[in-house]
Structures are given as C-alpha cells and as structure tokens.
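This is the structure I want to talk about, given as structure tokens.
The values are calculated or read from the model by the stated rules, or taken from the named source; none is laboratory data. Since the structure is predicted, the reported quantities are computational estimates derived from the model, not experimental observations. Don't worry about glycine lacking a Cβ; one is built from the backbone with ideal geometry, like all the others, and counts go over all protein chains shown.
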Amino acid sequence: MIIWINGAFGAGKTTTASKLQNLLPGSFIYDPEEAGFFIRGNAPKSFSEGDFQDIPLWREINYLMLKTLAQSPTTIIVPMTLINPNYYNEIIGKLLADGIDIRHFILYIDKPTLIKRLMQRSFGFIDKEKFAIDAIDRCMYAFENHITEIKIPADTKSAKDIALEIKELIQ
C-alpha cells in the first residue's frame, strides 16, 4: 500500500509522515523530492531549473520507483505536494491503473496558518519560503477543484493526531 500525504507547503506532510511511520511498523518513507535533487545535480542547469515537477523525467522516475516499491509488502508513505492534475495522473493515476493500492490524504490548512508556519520554519526570512508562499493559492485551488481526495483539516491538530487519524482511515 502507498499512503500519499498531500497538502500545501508547510502543512506538516513530512512531520505527519514521520509520526505515521512510527505507528506502522515496517513502513518506509519515500521522498519524491530526492529524484528532483538527483536530476538537478546530474543535468545541465538549463535542463533542470525551475520546479522539478515540471521535468517529465522526475514524474517518470517517481512513478517507476513507487511501482517497484509497491511490489514489496512494505507500506510506503509519500509526503509530497502534488497539485498539477496532469502530473497527478502521470504518477498516482498510472499507479492506480496498475492496480496499486493508494490511499491519498490532503492535509488541509487555511492560508493564514500556512503563512504563519512557513514564517516560523524560515525563522522569519520570507525570501527562504517565497516559493512555498507563492504556491498557497494554487494549492488551495487544486485541492478544491482537481485533487479532492480525503481532506483532513489540520489547522489545529498535532502531527501525531493526524497520523492516528490516517492510521484509522486505512484500516
């Protein structure tokens, strides 16, 4: 099974994934960003600048990795913001078409809370979180209109409580 934890940047995906991993013995956290870092580190800048999700190779690598990993009996936890419906279909849609059990959850948080969290995360250096802050409206729109799986209101819940809720929902 793959558990995809989606949400805007700053929603707590990685922290929730870590808490969930503690609740699911033998589970594994897969980070799709690592494929982006690999591409950026091993390709000319002109090929890999901008958002690495826009690179078709990034989407293909993650689809193939997750398809391969899903063949093991291990539960795979994927904390990753994915808001482009075409990219969603190229990864999650293809995995579902392959018959892979994917449970997709969206950590849903209001904009002021996200901005507050991002500012805390960057110790008040807004430039460090510019990409994330600029993406909030796109994320909110996508989660209301295109990618609408199970939304978990996460404004006031701890990562542990969210992880417990996800654990309950997958059983």
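Kindly indicate which of T81, T74 is within 14 Å of the chain's Cα centre (by Cα) and surrounded by 13 or more Cβ atoms within 10 Å (Cβ to Cβ).
The match here is T81.
Here's the yes/no breakdown for (1) charged (D, E, K, R); (2) out of contact with any Lys or Arg (no Cβ under 9 Å at 6 or more places or on another chain); (3) at positive phi:
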residue: N6; (1), (2), (3): no, no, no
residue: I29; (1), (2), (3): no, yes, no
residue: R40; (1), (2), (3): yes, yes, no
residue: P44; (1), (2), (3): no, yes, no
residue: L69; (1), (2), (3): no, yes, no
residue: I76; (1), (2), (3): no, yes, no
residue: L95; (1), (2), (3): no, no, no
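Sticking with this structure for a sec: Just checking, does the range 91-102 include any residue being within 18 Å of Q21 (Cα to Cα), in contact (Cβ under 8 Å) with a residue 60 or more places away in the chain and not in a helix (DSSP H, G or I)?
Checked the range 91-102: at least one residue is within 18 Å of Q21 (Cα to Cα), in contact (Cβ under 8 Å) with a residue 60 or more places away in the chain and not in a helix (DSSP H, G or I).
Which condition number in (1) touching a helix residue (DSSP H, G or I) at 6+ places or on another chain (Cβ under 7 Å); (2) in a helix (DSSP H, G or I); (3) within 14 Å of A8 (Cα to Cα) is the one that L82 fails?
(2)
Related question: Six or more apart or on different chains, Cβ under 7 Å: which pairs go from a residue in the range 110-128 that's of a type in the set (D, E, K, R) to one that's in a helix (DSSP H, G or I) and modelled with pLDDT of 85 or more? Could you list them?
K111/I136; K111/M140
Answer yes or no as to whether I5 is closer than 30 Å to D137 by Cβ, in contact (Cβ under 8 Å) with a residue 40 or more places away in the chain and not in a loop (DSSP other than H, G, I, E, B).
yes
Can you work out which of the residues in the range 9-27 that are surrounded by 13 or more Cβ atoms within 10 Å (Cβ to Cβ) and on the phi > 0 side of the Ramachandran plot is modelled with the lowest pLDDT?
Here the residue is G10.
Would you check if there is a residue in the range 41-61 being over 14 Å from the mean Cα position of the chain (by Cα), at pLDDT 95 or above, under 15 Å from I2 (Cα atoms) and β-branched (V, I, T)?
No, the range 41-61 contains no residue that is over 14 Å from the mean Cα position of the chain (by Cα), at pLDDT 95 or above, under 15 Å from I2 (Cα atoms) and β-branched (V, I, T).
Just give me the residues in the range 28-37 being at pLDDT 95 or above, outside any loop (DSSP other than H, G, I, E, B) and of a type in the set (F, W, Y), in sequence order.
F28, the sole residue that qualifies.
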